[in-house]
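The values are calculated or read from the model by the stated rules, or taken from the named source; none is laboratory data. Nothing here was measured: the structure is a model prediction, and the numbers come from that model. Heads up, the Cβs are rebuilt from the backbone with ideal geometry, glycines too, and the neighbour counts pull from every protein chain shown. For accessibility, only protein heavy atoms count, side chains too; no ligands or nucleic acids. Shrake-Rupley method; radii C 1.70, N 1.55, O 1.52, S 1.80 Å.
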Amino acid sequence: MTARRPIGVTIVVIVALVIALLQLLTGVVLLVGGGVLIGVVVVVIGVLTLAVTVGVLRGSGSARLIFALVLLMNVGSAIYLLFAHPSQGWSAVLSLGFAAVALALLFSPRANSYFAS
């Protein structure tokens, strides 16, 4: 019998969708504004976030690991944006906040039990 998905994991998926949408929006804004390299990187990170969300929903431990790595890349790109593109600071701060919440929920005791089953 498959363990029931904890509400925290469901919240992580919702947060992941918000992060992905913010990353995609920020990437498009950067691309339009001439920041091609960072714009492409941010869009790729957003696409990766969307791709692993399905695995997290299904309780895949591999997807959780990949998801955590993507969240850490979100943190890195947000920190870069804070310094390199201060006009995008609002997006960077939101991405940092959502990534921190997602990581905390993804590795909570209940989430650990869910992914171990």
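Go through the stretch 12-24 and report how many residues are open to solvent by 70 Å² or more (accessible area, probe 1.4 Å) and either touching a residue at least 12 places away in the same chain (Cβ under 8 Å) or more than 30 Å from residue 113 (Cβ to Cβ) (or both). Can you show your working first?
At the first step, the residues of the stretch 12-24 found to be open to solvent by 70 Å² or more (accessible area, probe 1.4 Å) are 14, 17, 21.
Okay, now just the ones that are also either touching a residue at least 12 places away in the same chain (Cβ under 8 Å) or more than 30 Å from residue 113 (Cβ to Cβ) (or both), so 17, 21.
Residues meeting the conditions: 2.
For the stretch 50-81, which residues satisfy the criterion of being in a loop (DSSP other than H, G, I, E, B) and of a type in the set (Lys, Arg)? First the steps, then the outcome.
Filtering the stretch 50-81 down to residues in a loop (DSSP other than H, G, I, E, B) leaves 58-60.
58, the sole residue that qualifies.
Pairs needed: first member in the stretch 55-68, closer than 15 Å to residue 108 by Cα and modelled with pLDDT under 95; second member anywhere, in a helix (DSSP H, G or I) and of a type in the set (Lys, Arg); C-beta distance under 8 Å; at least 6 residues apart or different chains.
56/64
Would you say residue 27 is out of contact with any Pro (no Cβ under 8 Å at 6 or more places or on another chain), open to solvent by less than 40 Å² (accessible area, probe 1.4 Å), under 18 Å from residue 91 (Cα atoms) and modelled with pLDDT of 90 or more? If you could, list the steps in order and put the result at the bottom.
Numbers: out of contact with any Pro (no Cβ under 8 Å at 6 or more places or on another chain): yes; open to solvent by less than 40 Å² (accessible area, probe 1.4 Å): yes; under 18 Å from residue 91 (Cα atoms): yes; modelled with pLDDT of 90 or more: yes.
Answer is yes for this residue.
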